[in-house]
Amino acid sequence: MKQILFMLFLLISTQLVSCTTINQDSDEHYTQIDIQEPHQPNYGDSPYKDKMVAAAINYLEKFLIDMKSGEQAKDWDHVQGYLVNFHEYDDTANAWFIKSNGEAVYVPFLFIENSGTITVDGITGYSVKKMMDKAPDDPDRVMFERQIHDAVKIKANLSNKWETPPS
């Protein structure tokens, strides 16, 4: 019983559900759970997060330079980039790139703070061929679409700079 009450407390405290318990003067208890509609997370803004975004963009630009000098350089010529939004207390974040051949590349990275300076170190990612050809309920496509929808910065395929997406 304590575990159930604790789980209900967690659900209520995270505002994912609202609960109502109904007692009808008997030993039976009924619980109604109403799931709220999904909503855009509030990632917040701060000078510290601005430093994190700048460090991420710096890393992603170096990543792109590296990719454009590799074996598949022509596929990276007209790439779209999405820096996925994050909270300032996150240690990791990620970006997605869509190459000219339709391949989506997941690029995760780690934030490292040392004496007030934030740097970024890459983590092994992966790629998904023909992402938009996948079924709309495919797990890779669902995660991809949610994350690019939550992008904090976007790099258009012909742009040389990362821009804040329109609200």
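The values are calculated or read from the model by the stated rules, or taken from the named source; none is laboratory data. Here the structure is a predicted model, which means the values were calculated and not measured. Note that we place each Cβ from the backbone using ideal geometry, even for glycine, and neighbour counts take in every protein chain shown. Surface areas here come from the heavy atoms of the whole protein model, side chains and all, with no ligands, DNA or RNA. Shrake-Rupley method; radii C 1.70, N 1.55, O 1.52, S 1.80 Å.
Sparsely packed loop sites in the stretch 68-160 (the chymotrypsin sites (Phe, Trp or Tyr not before Pro) outside DSSP H, G, I, E and B with at most 16 other Cβ atoms within 10 Å) comprise 89. The trypsin sites (Lys or Arg not before Pro) of the stretch 66-167 that DSSP puts in a loop, and whose beta carbon has at most 12 other beta carbons within 10 Å, are 129, 130, 161. Each other residue within a Cβ distance under 11 Å of residue 110 adds +1 if Lys or Arg and -1 if Asp or Glu, for a net charge of -4.
Taking all protein chains as present, what is the carbon and sulfur share of the accessible area of the stretch 81-155, in % to the nearest whole number, probe 1.4 Å? Carbon-and-sulfur percentage of accessible area, whole number: 49.
How much net charge surrounds residue 49 when only the other residues with a Cβ under 11 Å from the Cβ of residue 49 are counted, with Lys and Arg +1 and Asp and Glu -1? Around residue 49, the charge tally is -3. Ordering 124, 92 by accessible surface, largest first, gives 124, 92; the 1.4 Å probe counts only protein heavy atoms, with every chain in place.
Taking only the alpha-carbon positions of the stretch 122-167 and ignoring solvent, what does the Debye formula give for the base-10 log of I(q)/I(0) at q = 0.22, 0.27, 0.28 Å⁻¹? Calculated log10 I(q)/I(0) at the listed q: -0.97, -1.05, -1.05. Full extension of the chain between residue 103 and residue 158 yields a length gain of 18.1 nm, computed as 0.36 nm times the residue separation minus the alpha carbon distance.
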